[in-house]
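Report on the structure given below.
Rule-based calculations on the coordinates, nothing more; no lab input. Model, not experiment: these values are computed from the prediction. We place every Cβ from the backbone using ideal geometry, glycine too, and count neighbours over all the protein chains shown.
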Amino acid sequence: MADAGSMINWGLLALEPPGWGGVLLAGLWNSIQIAVGGYGLGLLLGTGGAMGKLYGGPVTKDLLEVYTTLVRAVPELVLILILYYAGTDVLNQISAALGWGPVDVSGLAAGIFVIGVVQGAYSTEVLRGAIKAVPAGQIEAARAYGMSPGQILRRITLPAMLPHAIPGLSNLWLIATKDTALLAVVGFSELTLVTRQAAGATKAYLLFFCAAGVLYLMLTLVSNVLIVLIERRYRRGMAEPA
């Protein structure tokens with residue numbers, strides 16, 4: 001019992017910054033940076049993808065269909081391994097062909113790119129569905145008033161589609177925060193990897209993994225509060241779903 005008590009006390013001390021607790025918080029910060037960057041990149045790709053699927057030519061639509069189908073069909077862990085290692089190898093081959101030196105891709109940039117590509121496929125479908133949910137009569141009325149395509153997008157399409165898109169996009173944000181844990185397999189120091197390192201060094205596996213779970217839960221709870229506020233703002237004047 002004395003040994004068990006000593007382990008618990010040592011583990012609790014390890015959680016106090018600047019000990020392992022500081023390392024866990026740094027890992028959480030890295031996870032948040034990747035999630036925000038990847039989610040933002042995914043939104044950009046998704047916006048372009050949705051517009052391409054709805055208004056692009058046959059070749060554009062076919063290419064985007066291949067992109068979204070492949071990303072949604074292949075497990076995300078496999079995609080991360082392919083994009084991380086193969087993407088770095090392709091960059092180095094291009095650099096060598098141009099006579100440049102090896103490309104040193106930072107783990108943060110690679111993580112954002114990988115999460116962004118995955119998020120982009122799902123964002124494409126969420127935004128495409130939201131745009132299609134806008135009543136066609138509203139678009140036709142805007143055209144009848146002589147609005148330009150840019151004005152229609154800004155004044156009609158975006159305000160009308162956001163209430164339909166926010167639930168799906170909110171879910172994708174929460175998925176992005178969880179997907180950062182998969183980057184542990186490529187050695188990026190996000191929360192899951194540093195938690196595993198802390199647990200391995202101290203042998204206090206339950207303590208540190210529970211601590212990591214609490215940090216993920218706190219991130220989700222804060223995200224949910226912000227999501228509710230955003231949803232309330234953009235659903236003003238609309239009937240609440242039954």
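Once C-alpha pairs closer than 8 Å and six or more residues apart are averaged by separation and normalised to the residue number of the stretch 67-128, the relative contact order reads 49 percent. Counting only the Cα atoms, the chain fills a convex hull of 184 Å³ per residue. Mean-square fluctuations from a GNM of the chain, with a 10 angstrom spring cutoff on Cα atoms, peak among ALA211, ALA73, ALA121 at ALA73. Within the straight-line cut-off of under 22 Å between alpha carbons, the lysines reachable from LYS53 are LYS61, LYS132, sequence neighbours fewer than 8 places apart in one chain being disregarded.
Subtracting the Cα-Cα distance of VAL103 and SER223 from their residue separation scaled by 0.36 nm leaves 39.7 nm.
Once both labels are positioned 7 Å from their Cα atoms along Cα-to-Cβ, the gap between VAL66 and CYS210 label points is 5.1 nm.
Each part reduced to its alpha carbon centroid, the stretch 170-235 and the stretch 38-98 end up 25 Å apart.
Computed from label points 7 Å out along Cα-Cβ, the spacing between ARG233 and GLN93 is 4.5 nm.
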